[in-house]
Each structure stands twice: as C-alpha cells, then as structure tokens.
1. Counting only residues that are more than 11 Å from V5 (Cα to Cα) and touching a residue at least 40 places away in the same chain (Cβ under 8 Å), which one in the range 63-75 is most open to solvent (accessible area, probe 1.4 Å)?
2. Before we move on, is R35 modelled with pLDDT under 95 and charged (D, E, K, R)?
3. Starting from the range 30-49, keep only residues that are in contact (Cβ under 8 Å) with a residue 24 or more places away in the chain and of a type in the set (V, I, T), then list their pairs with residues that are open to solvent by less than 50 Å² (accessible area, probe 1.4 Å) and assigned to a loop (DSSP other than H, G, I, E, B) whose Cβ atoms are within a distance under 9 Å, requiring at least 6 positions of separation or different chains.
4. Does D46 satisfy the criteria of being at pLDDT 95 or above, of a type in the set (D, E), outside any loop (DSSP other than H, G, I, E, B) and within 12 Å of the chain's Cα centre (by Cα)?
5. Only one of these conditions is not met by I8: (1) among the aliphatic types (A, V, I, L, M); (2) farther than 20 Å from K64 by Cα; (3) in a strand (DSSP E or B). Which number is it?
6. Give the residue, chosen from M1, M60, that is assigned to a loop (DSSP other than H, G, I, E, B) and either in contact (Cβ under 8 Å) with a residue 12 or more places away in the chain or under 14 Å from the mean Cα position of the chain (by Cα) (or both).
7. Taking the condition of being at positive phi and open to solvent by less than 40 Å² (accessible area, probe 1.4 Å), how many residues in the range 5-35 meet it?
Amino acid sequence: MEYFVYIIYSKSLERYYVGHSQDLDDRMNRHNSGRTKYTKIAKDWDIKYTEKYFTRSEAMAREKDIKRKKSRKYIEFLVGKDVG
C-alpha cells in the first residue's frame with residue numbers, strides 16, 4: 001500500500017495543514033466537507049504538495065518531522081511558494 005504526506009492550503013484562511021493519508025481523494029473530500037476537526041472552518045482546501053511512502057510509519061514520521069519544524073517558511077519552501 002502507498003501512503004501520502006500532503007500539504008493543503010486554504011486561501012480564505014491563508015493557512016496550511018499537513019497530514020498523511022492512504023486515500024488522498026477521500027481525505028480531501030473530508031477536509032472540504034467539514035468532517036475533519038482542524039480543517040472544518042474552511043471549505044476551500046487545495047493540495048499543494050505530496051510525498052509518497054510505502055509504509056504508514058514512514059508517512060507518519062515525515063508528517064511529524066514537517067510539523068516539528070513549526071515553520072511556515074519551510075512549508076512554503078516545500079510547496080514552492082506557489083500559493084495564490
């Protein structure tokens with residue numbers, strides 16, 4: 001199975017969210033339909049960046065690594081700053 005680390009962006013909130021999932025289409029549907037606790041305040045989330053991993057533990061470790069940096073600059077570096 002494949003797992004993905006993803007970064008999504010809400011233009012209305014000007015905010016990023018980092019997560020991991022096995023099914024990006026389903027996960028994006030949940031983000032944009034208000035069924036996810038931390039992203040339900042917006043309905044305009046777009047995928048800006050993904051990385052693929054072969055195990056869930058690898059994806060979780062990478063997600064944690066990105067979040068641990070607590071850096072919007074780092075996220076924008078990964079995304080390529082193409083946010084508009």
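1. Of everything passing the filter in the range 63-75, R72 is most open to solvent (accessible area, probe 1.4 Å).
2. Details: modelled with pLDDT under 95: yes; charged (D, E, K, R): yes.
When the stated conditions are applied, R35 passes them.
3. I41/G34
4. Values: at pLDDT 95 or above: yes; of a type in the set (D, E): yes; outside any loop (DSSP other than H, G, I, E, B): yes; within 12 Å of the chain's Cα centre (by Cα): yes.
Against the criterion (at pLDDT 95 or above, of a type in the set (D, E), outside any loop (DSSP other than H, G, I, E, B) and within 12 Å of the chain's Cα centre (by Cα)), D46 qualifies.
5. (2)
6. Exactly one of M1, M60 is assigned to a loop (DSSP other than H, G, I, E, B) and either in contact (Cβ under 8 Å) with a residue 12 or more places away in the chain or under 14 Å from the mean Cα position of the chain (by Cα) (or both), namely M1.
7. Qualifying residue count for the region: 1.
The values are calculated or read from the model by the stated rules, or taken from the named source; none is laboratory data. None of these values were measured; they are calculated from a predicted model. Note that each Cβ is placed from the backbone with ideal geometry, even for glycine, and that neighbours are counted across all protein chains shown. Accessible surface areas use protein heavy atoms only, side chains included; no ligands, DNA or RNA. Shrake-Rupley method; radii C 1.70, N 1.55, O 1.52, S 1.80 Å.
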